[in-house]
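Notes follow once the structure below has been shown.
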Amino acid sequence: MSDPKDFVAGVDSDQRRSPQRVVFVTRRTSAQVKANYEEQVQTYPEVLFRVVLAIEILAIVLVGMALLFNAPLEGIADPTHTPNPAKAPWYFLGLQELLHYFPPVVAGVLVPTMLIVSLVIIPYFNINIEAAGLFLHHRRRRLQIFYVTAIGLLVFLVAFHVYVAAVPSLIVAIAMIVAANSSPQSKSASCRYLSKKPMAWWVMTWFLFELIVLTAVGTFFRGPGWSWVLPWRS
Amino acid sequence: MPGKTDKILEQVEQSRVWRSIFRSGRGTSTLHRALAIQQNVFLHLFSTKVRKRMLSVSSTWYLGTLTLGTFMILIITGVLLMLYYHPSVPQAYADMKDLQFVVSSGLFLRNLHRWSAQAMVFLVFAHMFKVFYRGAYRAPREFNWVIGVVLLLITLLLSYTGYLLPWDQLAYWAITVGSNLSKAVPLVGSKIHFLMLGGNQVNANALLRFYVLHCLILPLAALLFIAVHFWRIRKDGGLYVHQSEPKRAGAVDESTLVKEAK
Ligand code: HEM
């Protein structure tokens with residue numbers, strides 16, 4: 001070890017690496033504050049102008065859509081006549097797809113509750129403030145945990161024939177294996193990119209992927225009796 | 001004559017009445033512009049100045065702003081729709097038909113409300129993922145993320161309660177499928193289901209409950225939380241920018257630090 005007093009003065013301003021700024025002061029120097037200057041603009045008019053502009057463009061697009069496409073309106077509600085399939089609004093079709101495989105307690109209560117709880121705790125759970133790549137430290141242990149979790153999840157999904165959810169999980173798992181076998185020094189840029197991703201990133205990406213696939217399947221590929229249909233062959 | 005209107009405008013803006021309402025007065029100085037934000041109960045949710053980099057399109061894609069935009073369109077079109085809508089069976093459905101064929105621009109109004117609602121759900125998800133992927137949920141913004149999750153839930157509930165109001169087959173059965181899920185909650189499931197619908201199945205009581213939630217309670221809750229959301233952005237030091245200071249030539253950055261330490 002070198003002389004402990006032999007520090008280098010510097011201001012680290014990368015919040016991701018050091019959320020609390022630490023300044024080391026070497027011997028024979030005094031603490032020095034660097035001017036913290038950054039170009040600023042006034043909220044009025046600069047920000048408000050951009051906000052209004054963005055919202056106006058949005059309004060034009062939506063008005064255009066409202067002129068071109070009509071909102072659906074079917075026959076009056078009839079409790080004696082169940083349409084087949086009875087579909088929820090599109091943003092719930094991912095859950096409805098799960099409902100097809102699992103009992104309502106799981107698909108309708110447990111999964112949504114778990115989703116909300118995980119979303120809420122994401123910023124608190126992230127003890128890994130440095131956002132270091134998942135497999136860059138404790139590689140062996142983390143790989144073990146990863147394999148147990150991933151294989152357990154996949155076996156579970158396949159056992160219940162939830163292939164729609166198993167395929168995205170498998171793809172994410174393969175990407176994680178690639179990440180585990182790469183490092184920030186890897187040759188390929190995408191390997192470098194993946195290797196630096198922390199745990200929270202993987203979980204969220206998996207969630208996003210499942211959300212898109214399940215919602216798309218529920219919206220486009222499900223017909224009478226929740227059977228598999230091809231949208232272009234109806 | 002532009003000169004004359006300008007003069008009249010100036011006189012109005014300097015009148016006692018005007019000045020009693022808008023205290024900041026007329027002018028383009030930094031002070032006047034700061035006061036324009038700071039002296040307004042709504043605008044003072046924002047700080048008077050922001051760092052320029054926060055405005056870059058690539059960091060937010062303005063998704064939060066656009067979500068706000070859809071919400072504003074929804075309030076305006078929603079209030080107009082309320083003028084024609086009765087939350088009762090079977091009048092609700094007849095009102096839909098009236099909007100379609102009788103009310104002038106009724107169809108357009110309904111279309112705009114519907115598509116904006118779908119856009120809002122989409123945008124709120126997009127905004128959430130965008131915030132996540134640029135790491136803006138980390139300290140000190142954790143709590144604003146939580147408020148965001150509340151806003152996400154309110155948005156979904158708004159959309160869900162609105163779905164029933166047309167009282168057509170689509171509405172009825174979507175809500176039936178959805179509300180049946182609540183029965184699966186252990187122990188209290190059927191109680192929740194009854195409370196939500198005001199009965200054992202989707203009926204006129206459910207329509208009225210959903211109407212009250214959709215037009216009163218949930219929009220108020222959304223407004224409240226959006227206000228807190230914006231206030232927190234200001235209090236958390238503005239929007240997240242990747243590094244808190246811009247890279248300058250000669251600035252000590254991490255890589256040089258590491259090199260020197262070796
Ligand atoms: C009604 C729904 C919402 C509205 C109107 C809204 C609005 C906004 C706006 C206007 C901003 C400024 C930056 C931007 O334009 O992207 C923002 C930032 C932010 N939002 Fe939202 N938001 C909503 C929902 C959410 C949700 C669902 C989340 C997350 C779960 C969230 C988390 C955040 C966070 C953490 C910031 C700060 C980002 C930063 O510091 O860079 N918001 N929001």
*asked:* Any residue at all in the range B:56-68 that's in contact with an Asp or Glu (Cβ under 9 Å, 6 or more places away or on another chain) and in a helix (DSSP H, G or I)?
replied: no
*From the list B:139, B:119, B:94, which one is in a helix (DSSP H, G or I) and under 28 Å from residue B:240 (Cα atoms)?*
B:119
_Based on this model, can you work out whether residue A:138 counts as surrounded by fewer than 18 Cβ atoms within 10 Å (Cβ to Cβ), free of Cβ contacts under 8 Å to residues at least 24 places away in the same chain and either in contact with a strand residue (DSSP E or B) (Cβ under 6 Å, 6 or more places away or on another chain) or on the phi > 0 side of the Ramachandran plot (or both)?_
yes
_Being touching a helix residue (DSSP H, G or I) at 6+ places or on another chain (Cβ under 8 Å), within 16 Å of the ligand (Cβ to nearest atom), facing chain A (nearest Cβ under 9 Å) and free of Cβ contacts under 8 Å to residues at least 24 places away in the same chain is the requirement here; does residue B:65 meet it?_
yes
*Considering B:156, B:107, B:151, which residue is in contact with a helix residue (DSSP H, G or I) (Cβ under 9 Å, 6 or more places away or on another chain), among the hydrophobic types (A, V, I, L, M, F, W, C), buried (at least 20 other Cβ atoms within 10 Å of the Cβ) and within 26 Å of residue B:211 (Cβ to Cβ)?*
B:151
*Restrict the check to the range B:76-90 and report whether at least one residue is at the interface with chain A (Cβ under 10 Å from one of its Cβ atoms), under 18 Å from residue B:163 (Cβ atoms) and within 16 Å of the ligand (Cβ to nearest atom).*
no
*asked:* Just the residues that are within 14 Å of the ligand (Cβ to nearest atom), touching a residue at least 12 places away in the same chain (Cβ under 8 Å) and either outside any helix (DSSP H, G or I) or over 16 Å from the mean Cα position of the chain (by Cα) (or both), please, taken from the range B:37-55.
replied: B:46, B:47, B:50, B:51, B:53, B:54
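Kindly check whether there is at least one residue in the range B:98-107 that is away from the ligand (no atom under 12 Å from the Cβ), under 25 Å from residue A:56 (Cβ atoms) and not in a helix (DSSP H, G or I).
yes
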*Quick one: would you say residue A:107 is without any contact (Cβ under 8 Å) to a residue 24 or more places away in the chain, buried (at least 17 other Cβ atoms within 10 Å of the Cβ), more than 7 Å from every other protein chain (Cβ to nearest Cβ) and away from the ligand (no atom under 16 Å from the Cβ)?*
yes
*Quick one: would you say residue A:190 is in contact with a Lys or Arg (Cβ under 6 Å, 6 or more places away or on another chain) and more than 14 Å from every other protein chain (Cβ to nearest Cβ)?*
no
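Values quoted throughout were computed directly from the atomic coordinates according to the rules given, and no laboratory measurement underlies them. Note that the coordinates shown come from a computational prediction; the quantities given were computed from them, not determined experimentally. Ideal geometry is used to build each Cβ from the backbone, glycine not excepted, and the neighbour counts take in all protein chains shown.
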